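Notes to accompany the following structure.
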Amino acid sequence: MNVLENWFCSTPFWRRTTEQRVLPWLLADVPLGDHILEIGAGAGAATPELLRRTPRVTSLEYDQALARKLVRHGGQRAGIVQGDAASLPFADASFSCALAILVLHHLKSSALQDRVFAEIHRVLRPGGIILAGEIPDGWFHRVIHFRSTFTPVQPASLAARLTSVGFRGVRMDSRSEGFRFYASRQP
């Protein structure tokens, strides 16, 4: 992420927006279960609210400095892990839900995104849910990601990509700011 993204995602404004606008939309009508894997937790904008909604959260962050800052959000019900979503450091069938908020477009290629989908499938329990929110491709988002990785997730290809790694029941919806999708790991 570039300096602008790091700054913005650490602001109280973004935390409030995440809690009051982003999460209610993303999590609507989705069963989270008892243990969420929060992928790309960043500065922790979603972590406190996720802890209010489910008994246990494990927050994964690639950036070591951000992972250290996340500790303050954890409490006893959250684990903070510094690691790579393309090679998740967790046992098979560990989580009831995996959540990625504005993370996938930061991966360097569609192939790497697919590897992350496969890893998420591996660590979800049978019946577990993958849930993600993303931004659409466009000039504005490309400008914001200047000197940062921006690999837009193409909504038209998502169902086939998720199905190819074993997910079923892919659902997607969108609004002006972005889109969300979810699917389940079959028992």
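Name the single residue, out of those in the range 159-173 being assigned to a helix (DSSP H, G or I) and closer than 20 Å to H105 by Cβ, that is nearest to the chain's Cα centre (by Cα).
Initial filter on the range 159-173 (assigned to a helix (DSSP H, G or I)): 159-164.
If we keep only those that are closer than 20 Å to H105 by Cβ too, we end up with 159-162, 164.
Details: A159: 17, A160: 19, R161: 16, L162: 15, S164: 19 Å.
Looking at the filtered set, the residue picked out is L162.
Looking only at residues in the range 128-152 that are over 16 Å from L27 (Cβ atoms) and in contact with a Lys or Arg (Cβ under 9 Å, 6 or more places away or on another chain), which one is modelled with the highest pLDDT?
To start, the set of residues in the range 128-152 that are over 16 Å from L27 (Cβ atoms) comprises 135-152.
Applying the additional criterion that residues be in contact with a Lys or Arg (Cβ under 9 Å, 6 or more places away or on another chain) yields 149-152.
Numbers: T149: 77, F150: 71, T151: 77, P152: 83.
Per the criteria, the residue is P152.
Scan the range 150-167 and report the pairs whose first residue is surrounded by 14 or more Cβ atoms within 10 Å (Cβ to Cβ) and whose second residue is among the aliphatic types (A, V, I, L, M) and part of a helix (DSSP H, G or I), with Cβ atoms within less than 7 Å and a gap of 6+ or a chain change.
From residues that are surrounded by 14 or more Cβ atoms within 10 Å (Cβ to Cβ), the pairs are V153/L104; V165/A118.
Output the number of the condition that T151 fails; it satisfies all remaining conditions of (1) part of a helix (DSSP H, G or I); (2) closer than 24 Å to G44 by Cα.
Of the numbered conditions (1) part of a helix (DSSP H, G or I); (2) closer than 24 Å to G44 by Cα, the odd one out for T151 is (1).
Could you please find all residues in the range 91-110 being surrounded by fewer than 19 Cβ atoms within 10 Å (Cβ to Cβ) and modelled with pLDDT of 95 or more?
Within the range 91-110, A91, D92, A93, S94 meet the criteria.
Inside the range 11-45, can you point out the residues that are among the β-branched types (V, I, T) and in a helix (DSSP H, G or I)? If you could, list the steps in order and put the result at the bottom.
Residues of the range 11-45 among the β-branched types (V, I, T): 11, 17-18, 22, 30, 36, 39.
Of everything in the range 11-45, those that are among the β-branched types (V, I, T) and in a helix (DSSP H, G or I) turn out to be T17, T18, V22.
State whether one or more residues within the range 174-184 are assigned to a strand (DSSP E or B) and over 24 Å from L60 (Cβ atoms). Quick ask: steps written out before the conclusion?
So in the range 174-184, the residues assigned to a strand (DSSP E or B) come out as 174-175, 178-184.
If we keep only those that are over 24 Å from L60 (Cβ atoms) as well, we get 174-175.
Within the range 174-184, one or more residues are assigned to a strand (DSSP E or B) and over 24 Å from L60 (Cβ atoms).
The values are calculated or read from the model by the stated rules, or taken from the named source; none is laboratory data. Since this is a predicted model, take the numbers as computed values, not measurements. All Cβ positions, even for glycine, are placed from backbone atoms using ideal geometry, and neighbour counts span all protein chains on display.
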